[in-house]
1. Can you tell me which residues in the stretch 133-190 are within 25 Å of residue 294 (Cα to Cα), outside any loop (DSSP other than H, G, I, E, B) and over 21 Å from the mean Cα position of the chain (by Cα)?
2. Is the stretch 162-171 home to any residue that is over 22 Å from residue 417 (Cβ atoms) and either open to solvent by 30 Å² or more (accessible area, probe 1.4 Å) or modelled with pLDDT of 95 or more (or both)?
3. Collect the residues in the stretch 371-412 that are touching a Ser or Thr at 6+ places or on another chain (Cβ under 7 Å) and assigned to a loop (DSSP other than H, G, I, E, B), keeping them in residue-number order.
4. Quick check, is residue 108 among the β-branched types (Val, Ile, Thr), outside any loop (DSSP other than H, G, I, E, B) and open to solvent by less than 100 Å² (accessible area, probe 1.4 Å)?
5. Identify the residue in the stretch 375-396 that is in contact with a Phe, Trp or Tyr (Cβ under 7 Å, 6 or more places away or on another chain) and touching a residue at least 40 places away in the same chain (Cβ under 8 Å) and, among all such residues, is least open to solvent (accessible area, probe 1.4 Å).
6. Got a sec? Which of 121, 107 is at pLDDT 85 or above and under 22 Å from residue 345 (Cα atoms)?
7. For the stretch 414-448, name all the residues that are part of a helix (DSSP H, G or I) and among the charged types (D, E, K, R).
8. Go through the stretch 173-214 residue by residue and tally those that are of a type in the set (Ser, Thr, Tyr) and open to solvent by 30 Å² or more (accessible area, probe 1.4 Å).
Amino acid sequence: MIDSQCTLISVFSSPTFAYTLTFFHPFYRSRHVSAKGRARWLSLHHLRNPRTIITLLKYLIPTFVLSVLYLFYLYEPHIELAFYSRKWVEQEIIPVDPLHGCFEAARVSAEYNMSESVYGRKKTEVQAGMQMRFGMDCYDYAGTVQDTPSAQRPPAGSVARTVFHTYWRTDLQAFSPRQEYMVKSFFATQDLERTRLILWSNGDLSGNAILKGYLERYPDQFQLRIVDIPKLAQGTPLAGTALLSRTDKKAWVDGDLIRLLLLWNYGGVWVDMDSLLTRDLDPLLEHEFVTQWDCYDKKYSALNGALMRFHKHSPYLCEAFHLMVSSSPPRAGSTDWGSILYFRLWRRLVAGGVPPFKILPFCFSDGRSCRLDNRLPDPFVPDHPSGKWTMGLGLEKGGGLDRVLHDVFSVHLHNQWEKHFPKGGWVERLLLTRYDEKLRERENAGEL
């Protein structure tokens with residue numbers, strides 16, 4: 001207790017504190033008060049005086065508020081807090097239960113080639129093994145993934161098309177040009193002789209005028225289908241469980257559950273509807289993968305399913321389903337259940353001696369989520385008046401941002417459906433306009 005009092009006296013007697021108090025109290029400002037008198041004035045007995053405390057707070061609180069407001073004026077705050085129950089962490093995260101056996105030879109589906117998909121040699125490396133938070137590191141790394149030359153691709157028709165899956169809720173809002181951008185980006189960037197896009201929904205979209213046009217133009221490459229969750233879950237551990245109809249967890253049912261069931265039944269690539277594809281995904285497709293959520297070191301939710309790829313009846317998905325039915329349900333208000341699922345599955349795989357799925361660096365599909373000095377510009381605000389992005393890189397065609405968009409594979413917009421792209425902004429100039437140009441070029445060349 002004595003030590004605490006001495007510490008307090010030392011702090012309150014410091015020159016900085018004394019200088020500050022000269023503005024607070026007439027007695028302390030008096031020229032006729034000796035140093036000894038000031039010391040007595042600063043005693044703990046006087047500081048316990050309610051009037052003195054109120055006087056101090058009257059000046060300190062406004063000073064603090066003004067200082068914070070000034071910092072907000074000078075700097076853009078970037079703060080993220082997440083709270084996890086210690087009990088939940090101890091029960092759901094720390095333990096690593098054994099795999100359920102989906103990778104045992106006798107249980108692997110005949111439609112899944114494990115020697116090739118899990119252990120086979122790969123042409124490209126898509127996992128850097130570090131966060132790549134600084135400068136252009138991640139974007140430069142994306143540029144090292146080279147496109148597959150046409151001569152090295154299997155002849156069209158010799159192998160099944162790779163199916164791209166996406167999903168739109170008819171009860172969310174009407175399908176409009178804002179949603180069309182994702183569909184258009186697929187047809188402008190992917191190998192249409194070897195891929196197909198299926199737009200899934202929870203209602204009938206066949207009457208939509210925009211989608212009718214795509215069905216007419218791309219009859220072999222585009223389909224509309226309605227999701228039947230119980231049917232998709234047949235033959236999986238999820239069949240008949242209450243997890244299939246948890247209306248209180250719409251984010252999970254409409255997101256993580258549907259994407260995993262579709263990939264289990266059909267295989268292929270999942271792309272969130274709020275994405276703009278920027279490059280042919282072919283060089284990535286030899287891998288099964290999820291993506292980093294962003295470049296931050298999130299302990300439990302570092303992974304993301306906005307862009308993911310798994311083969312039909314992949315044992316990775318089989319293990320995911322067993323993990324889903326044996327885990328606690330999503331936390332109240334949680335939107336990171338899928339992210340935590342992929343993290344827990346990864347830990348089980350490595351503990352069980354199975355090579356895990358790949359994890360694409362964040363910028364391959366989500367360059368908006370990193371440091372303030374290297375994230376992609378906000379798609380929904382006008383370009384900076386300087387015409388520059390970061391590190392002096394230009395926003396013009398052929399500039400630094402344009403080169404980055406040619407290296408990465410997608411731009412994830414994180415919903416924000418109520419927002420629109422500014423007229424003449426970088427999204428319109430470097431992406432949307434080019435989608436239209438590419439589609440006209442393909443039609444003129446007779447590719448479609």
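The values are calculated or read from the model by the stated rules, or taken from the named source; none is laboratory data. Small disclaimer: the values here were computed from a predicted structure and weren't measured. We place every Cβ from the backbone using ideal geometry, glycine too, and count neighbours over all the protein chains shown. We work out accessible area using only protein heavy atoms, side chains counted, and drop any ligands, DNA or RNA first. Shrake-Rupley method; radii C 1.70, N 1.55, O 1.52, S 1.80 Å.
1. Of all residues in the stretch 133-190, those within 25 Å of residue 294 (Cα to Cα) come to 133-147, 164-168, 178-179, 181-183, 185-186, 189-190.
Of the ones still in play, those that are also outside any loop (DSSP other than H, G, I, E, B) are 137-143, 164-168, 178-179, 181-183, 185-186, 189.
189 - this is the single residue of the stretch 133-190 that is within 25 Å of residue 294 (Cα to Cα), outside any loop (DSSP other than H, G, I, E, B) and over 21 Å from the mean Cα position of the chain (by Cα).
2. Residues of the stretch 162-171 over 22 Å from residue 417 (Cβ atoms): 162-163.
Applying the additional criterion that residues be either open to solvent by 30 Å² or more (accessible area, probe 1.4 Å) or modelled with pLDDT of 95 or more (or both) yields 162-163.
Within the stretch 162-171, one or more residues are over 22 Å from residue 417 (Cβ atoms) and either open to solvent by 30 Å² or more (accessible area, probe 1.4 Å) or modelled with pLDDT of 95 or more (or both).
3. Scanning the stretch 371-412 gives 373, 374, 375, 408, 409.
4. Values: among the β-branched types (Val, Ile, Thr): yes; outside any loop (DSSP other than H, G, I, E, B): no; open to solvent by less than 100 Å² (accessible area, probe 1.4 Å): yes.
No; evaluated as a whole, the condition is false for this residue.
5. Going through the stretch 375-396, the residues in contact with a Phe, Trp or Tyr (Cβ under 7 Å, 6 or more places away or on another chain) turn out to be 377, 379-380, 383, 395.
Retained after the next criterion (residues that are touching a residue at least 40 places away in the same chain (Cβ under 8 Å)): 377, 379-380, 383.
On the way: 377: 27, 379: 2, 380: 25, 383: 45 Å².
The selected residue is 379.
6. Working: 121 fails: under 22 Å from residue 345 (Cα atoms).
None of the other options fit; the residue is 107.
7. Step one: list which residues in the stretch 414-448 are part of a helix (DSSP H, G or I), which gives 426-444.
Answer for the stretch 414-448, where residues must be part of a helix (DSSP H, G or I) and among the charged types (D, E, K, R): 428, 429, 434, 436, 437, 438, 440, 441, 442, 443.
8. Of the residues in the stretch 173-214, the ones of a type in the set (Ser, Thr, Tyr) are 176, 181, 185, 189, 195, 201, 206, 214.
Keeping just the survivors that are open to solvent by 30 Å² or more (accessible area, probe 1.4 Å) gives 176, 181, 206.
The number of residues fulfilling the criteria is 3.
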